[in-house]
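The numbers here are math on the coordinates, done by the rules we state, and not lab data. These figures come from a predicted structure and were not determined experimentally. Positions of Cβ are generated from backbone atoms using ideal geometry, with glycine treated the same way; all protein chains shown enter the neighbour counts.
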Amino acid sequence: MISLTCFTSFFVCLHFVYFHCFLFPRDALNLLKKSPTPRTAPGTITTAAPSPAPTPKVPPPPPGSRPNIPPVSVPGKPGAPGSFTEIPATNVRRVIAQRLTESKTTIPHAYASIDCDMAAVMKLRKDLAKDQIKVSVNDFIIKAAAVTLREMPEVNVTWSGDGPHPLDSIHISVAVATDRGLITPIIRDAASKGVQEISASAKVLAQKARDGKLLPEEYQGGSFSISNLGMFGITGFSAVINPPQACILAVGTSRTELRLNEDDQMLHKQQLMTVTLSSDGRLVDDELASRFLDKFRANLEQPQRMALA
């Protein structure tokens, strides 16, 4: 005999199977709608995955807007990359290179510059030209340097062995540019010659230098050198000492400047020329070079008195 309790349990199970296993479609849909959403643990932040940014579309440049870049050319001769033509040096060029290298490696060069007022020299040149006497500015410079060397014999020296060797004569070497290089013919005993005589000698020697007809005694044995680049518009430069000499004077072009006159405190036009003395520091120190330039300027700025010296 089946008890009432068992019968009741059977009826409950049958009711559960009926309602949970034999659902109509609409009941299943309603059940899905009522299903709980997923739960997230407290403190957890959920973010949606970022969508990729759209790639910007760059419109192509219109025809003709691109720059016209020329092709790059590599220097060199066609078919012979890195080749060169060797130009043989002349005997004169070899001697010049040897002496310049010797000068810069064995002589401690020192430099000092000063401005000279050229007004008196220019006026005297014009006065002489009226009498058909033609002399150059460089002729006055040669004379001024020679007179200054006579007044300051301690500068007219050379380095011989382990010490200075005074020179008895004042022979001025004048640099002349030629096709074969720079040649320095010599104005001998320049201190005892007048400006006109110096001018005549300089013209003859310069022409012989350009023609390659200088004799050895005409370019060997100088005691002081002068290099003038004023005719090329160079305002100032430093020259290399011509060994075994102690000094060389580099001369620039004359120029007009306004300078304050200390007497009347007024601005006045001055025609100035810069000269730079390159000296052997073993023989001519800075103080001696300064005194030489100061005396040279005084002689050059008083050409009439210098001509009588």
Non-local residues with an amide H under 5 Å from the amide H of residue 171, with H modelled 1.01 Å from N and Pro and chain starts lacking one, are 189, 223, 224
Applied in sequence order to the range 242-252, the curve 6.51 cos²θ - 1.76 cosθ + 1.60 (Karplus, θ = phi - 60°) yields integer Hz couplings, x standing for Gly and Pro, of 8, x, x, 5, 9, 8, 9, 9, 9, 10, x
Along the range 169-178, Karplus-curve 3J(HN,Hα) (6.51, -1.76, 1.60; θ = phi - 60°) to the nearest Hz, with x for Gly and Pro, reads 9, 10, 10, 9, 8, 10, 6, 10, 7, 10
Cβ-Cβ cut-off under 12 Å around residue 288, Lys and Arg +1, Asp and Glu -1: the net charge is -3
Between residue 85 and residue 308, the two model label points (7 Å from Cα along the beta-carbon direction) sit apart by a distance in nm of 6.1
Counting sequence-distant residues (5 or more places) and residues on other chains, those with an amide H built under 5 Å from that of residue 229 are 251
Counting lysine pairs in the range 109-307 that sit 8 or more positions apart or on different chains, with Cα atoms under 17 Å apart, gives 12
The extension gain from residue 210 to residue 287, computed as 0.36 nm times the residue separation minus the Cα-Cα distance, is 24.0 nm
Rounded to whole angstroms and listed largest first, the alpha-carbon spread of the range 109-307 along its three principal axes comes to 53, 40, 30
The orientation-averaged projected area of the Cα convex hull of the range 79-217, in nm², is 13.5
So, with points 7 Å from each Cα along the Cβ direction, the residue 267-residue 96 label distance in nm works out to 4.3
So the FRET efficiency between residue 189 and residue 235, C-beta based with R0 = 35 Å and rounded to 0.05, is 0.65
